[in-house]
Amino acid sequence: QPLATLATYAHVCRRLMMASPVDFERLGQTMAKLESEVRRAGEIVERLRDFLSRSEPRWDPVDLTMMTREVVAALDDMARPLGVTVRIESHPLARVAADRTQLEQVLVNLVRNAIEAVAEYGGPDKCVWIRLRQIAGESELVVEDNGPGVPAELAERLFKPFETSKQR
């Protein structure tokens, strides 16, 4: 889905450039998001190449709070038109050793799924919460939403490969 996001940002940039008058501030913000997403897509492609060549994960110190803010900012253009608010509650965290690209992709998928679930639900207060905290020396990151929840018939199969509640 990163390519769809890139195409959306490019489309928004084109529309902003053709507007009269041109909103240079919003254009600059959208172009910055586009640049960030291009970088992220490149990292994903690189990690896929590494994965396919069976290389080891890249264990680097990752600032979970900063990474979470970047993911939320990247998904803001998806959430806002759907009327979904994404809130981050963060307590001081130590950096974690992780493969940033893999961890970021998991977080993008979780937050995107939460936004879509809340938007489908259509309740009056559509919200996604991301909570970061340190517990007993370990970092915890929780993504929670007030959507409809997981249907009972899917709950048993939820963690099997290729299972989804989305329309295909």
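The values are calculated or read from the model by the stated rules, or taken from the named source; none is laboratory data. Given the structure is predicted, the values throughout are model-derived calculations rather than measurements. The protein model used for the area step is the full one, side chains on, heavy atoms only, and it has no ligands, DNA or RNA in it. Shrake-Rupley method; radii C 1.70, N 1.55, O 1.52, S 1.80 Å.
For Cα extents along the principal axes in Å, computed directly from the structure shown, the correct entry in (1) 53, 40, 36; (2) 47, 35, 27; (3) 49, 41, 31 is (1). Springs between Cα atoms under 10 Å define the GNM used for the chain, and in it the highest mean-square fluctuation of Ala94, Ala117, Ala136 occurs at Ala136. When shorter helices are ignored and each DSSP H run of at least 4 residues is given -39500 (n - 2.57), the per-residue value for the chain at 222 nm works out to -17500 deg cm²/dmol. Which residue fluctuates most in the GNM of the chain (Cα springs below 10 Å): Val143, Val62, Val22? Evaluated over the chain, the most mobile residue of the options is Val22. Shown for the chain: the carbon plus sulfur share of the solvent-accessible area, taken with all protein chains present and a 1.4 angstrom probe, equals 56%. When the chain is treated as a GNM with alpha-carbon contacts under 10 Å, the residue of Arg49, Arg87, Arg112 showing the greatest mean-square fluctuation is Arg49.
Within the chain, the whole DSSP H helices whose Cα atoms reach 18 Å or more along their own axis and whose mean Kyte-Doolittle score is at least 0.0 are 2-18, 64-79, 100-121. Just to verify a number: what accessible area does Val86 come out at with the full protein assembly present, 1.4 Å probe, Å² rounded to tens? The accessible area of Val86 comes to roughly 30 Å².
Per residue, the accessible area of the chain comes to 67 Å², computed with a 1.4 Å probe over protein heavy atoms only.
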